[in-house]
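These notes are about the structure you will find just below.
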Amino acid sequence: MTTILDFLLEFIRVDLIIGFGWYSIILFTLLLFSFRNELLKEFDKYACRTIVFLGILYGIVWFLASILNYFIEFDEEQKAQFIRRLTGKYSFGLWLQPLFWLGLTQLLRFQFVRKYLLLRLIICIFFILTFEHFVIIYTSFQRDYLPSSWTLYNYGFGVTWWQIVLSALVKIVEFTLLVFVYRYLKNQKSLISNQKSNE
């Protein structure tokens, strides 16, 4: 059970929430050069609703995974260590990212956050550049951690530019498909409720 929750948590975090960040950047680029702004804005409304629900789902799954790991998977020593991590000096490292993403996704409930380009881009950057990525990048540029064999083409990260682009495209497609499913289910629900009210 905990492995399923961990997989679901990682899928929501890595593929869908980060996919929304890349999607928003592409959306604003399309809005600048497109003549069908109304269609894109309507789709974006459903995308923002989807990410709000994904943020709530992420918070619930993270909480359930933590509780189930504590009560099912951990032995007594691991339980004591987990409690020390939750309440210790660096406990913010454990709580920061899930609460941050939950809060950022809920900000998209407000129309002024959804509408203004600068606010959305800041939120998207925080979706793409996670706390873990920030720590990794920060420590990799420290003088003591610089690798001696950096090359010009992989920038020390071990990935090439086309792998980053391909990964972003896959995440955008996954998120867009989820928005289409959400939109379809929402329309079906409204059709059923309209039929019941007419009868």
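The values are calculated or read from the model by the stated rules, or taken from the named source; none is laboratory data. Just so it is clear, the model here is predicted, and its values are computed rather than measured. So basically every Cβ, Gly included, is an ideal-geometry build from the backbone, and we count neighbours across all protein chains shown. To get the accessible areas, we keep the full protein, side chains included, count just its heavy atoms, and leave off ligands, DNA and RNA. Shrake-Rupley method; radii C 1.70, N 1.55, O 1.52, S 1.80 Å.
A 1.4 Å probe run over segment 59-145, with the rest of the protein chains in place, finds 71 Å² accessible per residue. In the chain, the portion of solvent-accessible area held by carbon and sulfur atoms comes to 68 percent [1.4 Å probe, whole percent, DNA, RNA and ligands not counted]. Packing order of peptides 98-109, 76-87, highest average first: 98-109, 76-87 (average count of other Cβ atoms within 10 Å over each peptide's residues). One quarter of the surface of the convex hull around the alpha-carbon atoms of the chain equals 16.6 nm², the direction-averaged projected area.
Using the Kyte-Doolittle scale, which helices in the chain average at least -0.5 and also have C-alpha atoms spread 18 Å or more along the helix axis, with helices defined as whole DSSP H runs? The answer, listed by residue number, is 18-33, 37-68, 92-107, 161-198.
Accessible surface for Val165 stands near 70 Å², nearest 10, in the context of the full protein assembly shown (1.4 Å probe). For Lys79, a cut-off of 26 angstrom between C-alpha atoms picks up these lysines, skipping any fewer than 8 places away in its own chain: Lys89.
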